[in-house]
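The values are calculated or read from the model by the stated rules, or taken from the named source; none is laboratory data. The structure displayed is predicted, hence computed values, not measured ones. Heads up, the Cβs are rebuilt from the backbone with ideal geometry, glycines too, and the neighbour counts pull from every protein chain shown. Please note that ligands, DNA and RNA were not included when accessible areas were found on the heavy atoms of the full protein model with its side chains. Shrake-Rupley method; radii C 1.70, N 1.55, O 1.52, S 1.80 Å.
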Amino acid sequence: MRHATSRRIGPIGFRIGSDWRAPVALLDALYADYPVPTVADATVRLTATRPWRRRVRPAIALGGDLMLPDAAPLPLEHGLLAAEMAMNLQVALGHRRHLLLHAAAAERDGRCVILTGESGAGKSTLSALLMAAGWRFLGDEFVLIDLASGMARPFPRLVSLKNESVAELARRMPGARFGPVLQGTPKGTIRHLVPDARAVAAMDVPATPALLLFPRFGAARAVRRVDEGEAFVRLTQASTNYALLGEAGFDALTRLVTRVPARAIDYADSDEGVTLVEDLWCAL
Amino acid sequence: MLRGPGEAAFVLRPLGALTALYHRPSATTHLLAPPAPEILRALAGGEMTEAALLAALARDYDLADPDPAALAARVEELVAAGLVERA
């Protein structure tokens, strides 16, 4: 590749190559405090969809060790998003060392809350707000459950803020570092937030899962107990590698849902969401 | 005759009112409601007829009013899921 960089995020080392300098330069700037891996577990390639598309209306094809044949190309101005999507794709399709949950997580006193739900449920925003409130940010995309210990391994990649959250977090975290505002992406306006120094420094320190939440943004405040069977089903759906892990995944997931209380929470706005998480945490 | 997976072929984990089952030969997960786990436990010891299965369940789980039709329906569900075979 013409341009390349390497970074380790939690236990996963990435090598990212690109036909263009700009996405790699942005990654180097935003991931400046992350270590360079000794071994790259996953390779990401940002290549032109056709040779001439490197210069003429540049369009990025997402590639790497593993690919989705129908992944739509992105314009070069969305290069950072393309890199993040391609990194996530490699993890979702290729990672086998942990049970992967599509979830956000934050730690306090060695224990963590795991927030899982569909895109738009508020995982990224809530986890960023918890970080702003003093929690240690563990990740906003994947929580990695150790198959032997059941501990949650951090994967503190850039926080992907969308639409209304972009302005809200910029207002609430004036000292934080952000990537460029990316408008007109398939998910609307996106801006990446760099996790704080504490999250990066402690990214090899796991946490014990203590609370499992299924948030839903935009509804009146409500809390509902989620029983073990429902939590199990919802988490099999939230995991990209549960079926691939076989019995090890079954053991890890059944242990998680039998040991960790689960709640579905509805919240109307961000303040209410953070208050709900804090209230439920204090009630443990 | 009904034939279920042997004891070494599956793992059961109670999850509240339901039970998660991992079936090793097929590497699949099933979420079961009573009396499906009890049927599989009873069949793990060896083949038996539906009448013998009903008697075993009535004895082991203190069923007040064993219903052969209801049991047959649950067995049929396990057959459809590939967990029990009719020998």
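If you roll a 1.4 angstrom probe over the protein chains with everything in place, what fraction of the accessible area of the protein assembly as shown belongs to carbon and sulfur, to the nearest %?
Of all accessible area on the protein assembly as shown, carbon and sulfur atoms account for 53 percent.
At 0.36 nm per residue, minus the direct Cα-Cα distance, what do A:Arg57 and A:Thr208 gain on full extension? Give it in nm, one decimal, please. Before the final figure, lay out the partial values.
Details: separation 151, 0.36 × 151 = 54.36 nm, distance 4.74 nm.
49.6 nm is the gain from fully extending A:Arg57 to A:Thr208.
Show me the three semi-axes of the equivalent ellipsoid for the stretch A:212-284, from the C-alpha gyration tensor (sqrt of 5 times each eigenvalue), largest first, rounded to whole Å. It would help to have the intermediate numbers written out before the result.
Details: eigenvalues 140, 34, 17 Å².
The three semi-axes for the stretch A:212-284 are 26, 13, 9 Å.
Please report the relative contact order for the stretch A:98-282, taking Cα pairs under 8 Å with a sequence separation of at least 6, and give it as a percent rounded to a whole number. The partial results should precede the final answer.
Values: 378 pairs, mean separation 49.2, N = 185.
Relative contact order of the stretch A:98-282: 27 percent.
As a test of the formula, what do you get for chain A when each DSSP H run with n ≥ 4 contributes -39,500 (n - 2.57) and the sum is divided by the residue count, at 222 nm and rounded to the nearest 500 deg cm²/dmol? All intermediate terms of the calculation are to be shown ahead of the outcome.
Working: 9 runs with 91 residues, N = 284.
Result for chain A: -9500 deg cm²/dmol, rounded to the nearest 500.
What are the trypsin sites (Lys or Arg not before Pro) within the stretch A:72-135 that DSSP puts in a loop, where the Cβ has at most 15 other Cβ atoms within 10 Å? Write down the numbers at each step before the final one.
Details: sites: A:Arg96, A:Arg97, A:Arg108, A:Arg111, A:Lys123; in loops: A:Arg96, A:Arg97.
When the trypsin sites (Lys or Arg not before Pro) of the stretch A:72-135 are filtered for loop state and at most 15 Cβ neighbours within 10 Å, A:Arg96, A:Arg97 remain.
So the label point goes 7 Å from the Cα of B:Glu77 along Cα→C-beta, right? Which residues of the stretch A:222-263 then have their backbone N under 13 Å from it?
Answer for this model: none.
Restricting to bridges with both residues inside the stretch A:191-284, how much of the DSSP beta-bridge set is antiparallel, in percent to the nearest 5?
Details: 4 of 10 bridges.
The antiparallel fraction comes to roughly 40 percent.
What ranking of A:Glu164, A:Glu84 comes out by heavy-atom accessible area, probe 1.4 Å, highest first? Display every interim value, and only then the final one.
Numbers: A:Glu164 150, A:Glu84 5 Å².
Of A:Glu164, A:Glu84, the descending order of accessible area is A:Glu164, A:Glu84.
Can you give the charge dipole size of the protein assembly as shown about its Cα centre, rounded to the nearest 20 debye, using +1 on the beta carbon of Lys and Arg and -1 on the beta carbon of Asp and Glu? Walk me through the intermediate numbers first.
Details: 41 positive and 40 negative charges, 384 e Å.
Computed charge dipole of the protein assembly as shown: roughly 1840 debye.
Using a 7 Å offset from the Cα along the Cα-to-Cβ direction at both A:Ala132 and B:Ala17, what is the distance between the two label points in nm, to one decimal?
Taking the two extended label points, one gets 4.0 nm.
How would A:Arg157, B:Arg41 line up by accessible area, probe 1.4 Å, largest first?
Numbers: A:Arg157 10, B:Arg41 115 Å².
If we order A:Arg157, B:Arg41 from most to least accessible, we get B:Arg41, A:Arg157.
Rounded to the nearest 0.05, what FRET efficiency is calculated for B:Ala44 and A:Leu66 with R0 set to 56 Å and r the Cβ-Cβ distance? Don't jump to the answer; show the numbers that get you there.
Values: r = 39 Å, r/R0 = 0.70.
So, using R0 = 56 Å, E works out to roughly 0.90.
Just to verify a number: FRET efficiency for A:Gln183 and A:Asp269, C-beta to C-beta distance, R0 = 25 Å, to 0.05? Present the calculation step by step, with values, prior to reporting the outcome.
Values: r = 23 Å, r/R0 = 0.94.
Approximately 0.60, to the nearest 0.05.
So what is the calculated 222 nm ellipticity per residue for chain B, using -39500 (n - 2.57) for each DSSP H run with n of 4 or more, over all residues, to the nearest 500 deg cm²/dmol?
Details: 3 runs with 33 residues, N = 87.
That comes out to -11500 deg cm²/dmol.
Just for the protein assembly as shown, what percent of DSSP beta bridges are antiparallel, to the closest 5? Walk me through the numbers on the way to the answer.
On the way: 56 of 72 bridges.
Rounded to the nearest five, the antiparallel share is 80 percent.
Under the Karplus relation 6.51 cos²θ - 1.76 cosθ + 1.60, θ = phi - 60°, what is the ordered set of whole-Hz ³J(HN,Hα) values for the stretch B:3-11, x standing for Gly and Pro?
Whole-Hz 3J(HN,Hα) from phi for the stretch B:3-11: 10, x, x, x, 4, 7, 9, 8, 10.
Residue by residue through the stretch B:51-63, which ³J(HN,Hα) values in whole Hz follow from phi under the Karplus form 6.51 cos²θ - 1.76 cosθ + 1.60 (θ = phi - 60°), with glycine and proline marked x?
5, 5, 4, 4, 5, 5, 5, 4, 6, 6, 10, 6, 6
At each listed q (0.08, 0.15 Å⁻¹), what is the log10 of I(q)/I(0) that the Debye formula gives for the protein assembly as shown modelled as equal alpha-carbon point scatterers?
With no solvent term, the Cα-only Debye profile gives -0.49, -1.22.
Towards the positive end of the charge dipole of chain A, with charges on Cβ (+1 Lys, Arg; -1 Asp, Glu), say which of A:Val194, A:Thr49, A:Ala231 has the farthest Cα.
A:Thr49
Mind checking the dipole of the stretch A:211-269: about its Cα centre, +1 per Lys or Arg Cβ, -1 per Asp or Glu Cβ, Debye to the nearest 20? Write down the numbers at each step before the final one.
Values: 8 positive and 7 negative charges, 44 e Å.
With Lys and Arg at +1 and Asp and Glu at -1, about 220 debye.
Starting from the exponent 0.38 and prefactor 2.2 Å, build the expected Rg for the stretch A:98-282 from its residue count and divide its actual Cα Rg by it.
0.97
Can you give the mean number of other chain Cβ atoms that lie within 10 Å of the Cβ atoms in peptide B:29-36?
Values: counts 11, 0, 5, 1, 1, 0, 0, 0.
Taking all residues of B:29-36 together, the mean is 2.
Just the Cα atoms of the stretch A:3-94: what Rg and Dmax do they give in Å?
In Å, with Rg to one decimal and Dmax whole: 12.4, 38.
Could you size up the charge dipole of chain B around its Cα centre, putting +1 on the beta carbon of Lys and Arg and -1 on that of Asp and Glu, and report it in debye to the nearest 20?
Numbers: 7 positive and 11 negative charges, 69 e Å.
Dipole about the Cα centre, nearest 20: 340 debye.
Of B:Tyr61, B:His23, B:Ala73, which is farthest on the positive side of the dipole of the stretch B:2-82, counting Cα position, with +1 on Lys and Arg Cβ, -1 on Asp and Glu Cβ, and the Cα centre as origin?
B:His23
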